[in-house]
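Visitor: Could you have a look at this structure, given as structure tokens, before my questions?
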Amino acid sequence: MSGARVSPGTRLAAIVLGGLCLLGSGFLLGRLAYKPEAPGPGYLQQLTEALDLRPDQVAALERVLSEEDRDLDQLLDRNLAPLQQQTDARRSRTEQQVLAVLDPAQRQRYDSLVAAGGR
């Protein structure tokens, strides 16, 4: 370590920025990992074996389950869009609040931190 001191304002900006990044990545990971309890391929196999389904019934159920998956994906996409807008608005408000606390020199360093860390 170089021994350089980090000002409290820079530390606060880094903490806020880190928290916002964690919030965003958590939201993204949650979206990617979320799987509704819709029946998967194993479900159709279970039905086929347990009910002795005919090939035409299997094909019909494949269409039904595929349509359900598509509809649930569309529903999730539609319902998550407002949440993403609210999250973006809250992040923007937090950033404005952080900037209001900082002096001009700290704002420049904060801008550099944001640019280096992405946002």
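None of the figures in this text is laboratory data; all of them are computed from the coordinates on show. This structure is a prediction, so every number in the text was calculated from the model and none was measured. Note: ideal-geometry Cβ built from the backbone for every residue, glycine included; neighbour counts use all protein chains shown.
Residue-wise test of (1) closer than 30 Å to A14 by Cα; (2) surrounded by 10 or more Cβ atoms within 10 Å (Cβ to Cβ).
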position	(1), (2)
V58	no, yes
Q74	no, yes
Q85	yes, yes
V98	yes, yes
P104	yes, no
A115	yes, no
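Visitor: Within the range 69-77, can one find any residue that is closer than 15 Å to L17 by Cβ, under 20 Å from the mean Cα position of the chain (by Cα) and among the acidic types (D, E)?
Guide: No: the range 69-77 contains no residue that is closer than 15 Å to L17 by Cβ, under 20 Å from the mean Cα position of the chain (by Cα) and among the acidic types (D, E).
Visitor: Taking the range 46-56 only, how many residues are exposed (fewer than 12 other Cβ atoms within 10 Å of the Cβ) and aliphatic (A, V, I, L, M)?
Guide: Going through the range 46-56 one residue at a time, the tally reaches 2.
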